[in-house]
Amino acid sequence: MAISKTIKADLVKKYGGNSKNTGKVEVQIAILTAEIESLTKHLIENKKDQISKRGLFKKVSKRRSLLNYLKDIDILRYREILKDLHIRGN
């Protein structure tokens, strides 16, 4: 269910510019997207896991908040991250 440290480090390096920049909005969105994909796969196999379902909803909500923030401050970065992570068919 959780993503590995190597995947997380790769996402930080790709979207943060360096391996230490974990606070950048794009990095947080990318990590949440990877966690959401992992939880979705888990919930397909375990339909009655209500605790994980709640965690998935919280992660989706947090990602939505970060995307709204990014959209407000810089629409170009917002569109780029949507295209890069294949969110909402973009």
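A few remarks follow.
- Accessible area of the chain belonging to carbon and sulfur atoms, whole % at 1.4 Å probe: 54
- With the highest mean first, a sort of the peptides 19-25, 31-37 on other beta-carbon atoms found within 10 angstrom per residue produces 31-37, 19-25.
- Those lysines that a straight Cα-Cα span of less than 30 Å connects to residue 53, excepting residues fewer than 8 apart in one chain: 5, 8, 13, 14, 24, 41, 62, 71, 83
- Relative contact order [Cα under 8 Å, 6+ residues apart], the chain, whole percent: 23
- Here is what passes the span test in the chain: the DSSP H helices with alpha carbon length of 24 Å or more along the helix axis and a Kyte-Doolittle mean of 0.0 or above are 25-45.
- Solvent-accessible heavy-atom area per residue, rounded to whole Å², over the chain at 1.4 Å: 70
- Between residue 37 and residue 77, the simple spin-label model (points 7 angstrom out along Cα→Cβ) gives 2.2 nm.
The values are calculated or read from the model by the stated rules, or taken from the named source; none is laboratory data. As the structure is a computational prediction, the values presented were derived from the model and not from experiment. Cβ coordinates were reconstructed from backbone atoms using ideal geometry, including for glycine residues, and neighbour counts include every protein chain displayed. Heads up: the accessible areas ignore ligands, DNA and RNA and are worked out on the full protein's heavy atoms, side chains in. Shrake-Rupley method; radii C 1.70, N 1.55, O 1.52, S 1.80 Å.
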